[in-house]
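Here is the structure we will look at, set down as structure tokens.
The values are calculated or read from the model by the stated rules, or taken from the named source; none is laboratory data. The structure displayed is predicted, hence computed values, not measured ones. Don't worry about glycine lacking a Cβ; one is built from the backbone with ideal geometry, like all the others, and counts go over all protein chains shown.
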Amino acid sequence: MSEANKKTALAFLEAMSNGDSASAERCITSDAFTISKGFGKVSGRRDRSAMLATMSLFKELVPSGFRPTFHSIIAEGDKVAVEFDGDAVLCNGQPYRNQYCMVFTFEGSRIKQLNEYFCTVLADAVMLPLLMEQGTKVAWT
């Protein structure tokens with residue numbers, strides 16, 4: 001199961017990188033949620049619909065994709081942890097290079113919970129203004 005879960009986690013990250021919410025949707029449960037850890041404005045909990053809505057915006061906001069460089073993928077039991085760097089260029093031409101560790105919790109063969117660890121200060125300064133320009137009403141709770 002660990003190898004299958006690794007493949008699903010990587011498929012989800014590829015979908016996220018490309019703003020492909022339809023592919024990401026196949027990787028998650030009907031009650032999936034994500035928690036962006038930290039203290040920035042982008043931190044907080046998002047339900048499945050908010051996850052997919054945000055991801056859909058990435059296609060326009062991050063046309064280059066996040067272009068991840070993976071450093072480690074660890075699977076144990078129902079969890080997969082993926083450490084990677086992103087090297088994106090945003091729609092306004094600004095580079096967006098963040099570091100990530102994402103911890104996926106699976107229910108069966110799908111992702112139930114995703115804990116995201118990244119620099120929320122950088123995301124607040126660079127990514128959040130673009131999200132707000134798009135008029136996103138994504139709820140951060």
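The single condition from (1) more than 15 Å from the chain's Cα centre (by Cα); (2) assigned to a helix (DSSP H, G or I) that Asp31 fails is (2).
Here Gly65 qualifies as surrounded by 14 or more Cβ atoms within 10 Å (Cβ to Cβ), small (Gly, Ala, Ser), within 14 Å of the chain's Cα centre (by Cα) and part of a loop (DSSP other than H, G, I, E, B). Hey, could you check segment 78-121 for residues that are among the polar types (S, T, N, Q) and in a strand (DSSP E or B) and say which is surrounded by the most Cβ atoms within 10 Å (Cβ to Cβ)? So the residue we want is Gln113. When Ala24, Ala53 are checked against the criterion of being within 25 Å of Val126 (Cα to Cα), of a type in the set (Gly, Ala, Ser), surrounded by fewer than 18 Cβ atoms within 10 Å (Cβ to Cβ) and within 12 Å of the chain's Cα centre (by Cα), a single residue qualifies: Ala53.
Applying a threshold of 6 Å to beta carbon distances and a minimum spacing of six or more residues, or different chains, the list of pairs starting in segment 115-135 at a residue that is more than 13 Å from Ala88 (Cβ to Cβ) and ending at one that is of a type in the set (A, V, I, L, M) reads Asn115/Ile35; Asn115/Val103; Glu116/Met102; Thr120/Val42; Asp124/Val42; Leu128/Val42; Gln134/Leu57.
The test for being surrounded by fewer than 16 Cβ atoms within 10 Å (Cβ to Cβ), closer than 20 Å to Glu107 by Cβ and of a type in the set (Asp, Glu) holds for Glu3. Residues in segment 48-92 that are free of Cβ contacts under 8 Å to residues at least 24 places away in the same chain and of a type in the set (D, E, K, R) were compared, and the one that is farthest from Ser2 (Cα to Cα) is Asp87.
For Ala75, the conditions (1) in a strand (DSSP E or B); (2) farther than 29 Å from Ala125 by Cβ; (3) modelled with pLDDT under 95 are fulfilled apart from (3).
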